[in-house]
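The values are calculated or read from the model by the stated rules, or taken from the named source; none is laboratory data. None of these values were measured; they are calculated from a predicted model. Neighbour counts are summed over all protein chains in view; Cβ atoms, including those assigned to glycine, are modelled from backbone coordinates with ideal geometry.
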Amino acid sequence: MNPKFRHCTSAATVLATLLLCQSDLQAALTRFASRSEWNAAVGAHQTEDFESFTDFTPLPFTGGTFSTSAFNILVDANHGGIGPTNNAGPQYRAPYLNGVYFVGDVHSPETSHPHFNTIVFSTPITAFAATFSALDDHGIDDVRIAGESMKLVPTPSRDGLWSFLGVVSTTPFTTIDIRNANGKLERYGMDDVGFAPVPEPAAITTLAFLAPALAIRRRASLASCQ
């Protein structure tokens, strides 16, 4: 099978299943507790692990844009040391992560001007995942995806605090807005950004064939959607 068509079929299957589940749950996003669960639900996807970046020059204090082949990260005013690095580099340490990762900063000096890091994809996606590390001050309290806000609650480990964020949306989106609005100090490391583009036209045709079969199984699968 053509790999491109296989990718589309997998994405269409996920989208069809979520549409059936969400028709009863009235929710736009499905959040996953682990990367293995997210991988199983999404199937074929792309990943940015930042390993190709060797220039660790940080973005200026006044902000800027960090670019990858698939997305940009827009960074507001910050405290310095923002950009790609590793645990031997001069920037913020995120010991749970391996190799090169991205350092972000969403410290907010006051509620009227929350600092933000916004991930902007060049084409719409329906699934997003990333591992966050070195989360202090009880995590990041406002991550906005597809019109919904969620929190990143840190999980303690021997390597520090970390959190996994993985979602699949029934509505395509292009931005992930990471911010704090309560004056907390929140730098973080982010790595292994996974994403799945919107299914191409071939996948829509596949979805039309899949929908009747999935409808028959809908009641049996509702419990797993909840």
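Among the residues of the stretch 122-140, those that are in contact with a Ser or Thr (Cβ under 9 Å, 6 or more places away or on another chain) and surrounded by 19 or more Cβ atoms within 10 Å (Cβ to Cβ) comprise 125, 126, 127, 128, 129, 131, 132, 133, 135, 139, 140.
Residues in the stretch 153-168 that are more than 11 Å from the chain's Cα centre (by Cα) and in a strand (DSSP E or B) were compared, and the one that is modelled with the highest pLDDT is 163.
Which of the residues that make up the stretch 97-121 are surrounded by 23 or more Cβ atoms within 10 Å (Cβ to Cβ), in a loop (DSSP other than H, G, I, E, B) and at pLDDT 85 or above? Before the answer, list the steps.
Kept after step one, since they are surrounded by 23 or more Cβ atoms within 10 Å (Cβ to Cβ), are these residues of the stretch 97-121: 97, 101-106, 117, 119.
Filter again for in a loop (DSSP other than H, G, I, E, B), leaving 97, 106.
Of everything in the stretch 97-121, just one residue is surrounded by 23 or more Cβ atoms within 10 Å (Cβ to Cβ), in a loop (DSSP other than H, G, I, E, B) and at pLDDT 85 or above, namely 97.
Scanning the stretch 24-72 for residues that are under 21 Å from residue 86 (Cβ atoms) and charged (D, E, K, R), which turns out surrounded by the most Cβ atoms within 10 Å (Cβ to Cβ)? Top of the filtered list is 48.
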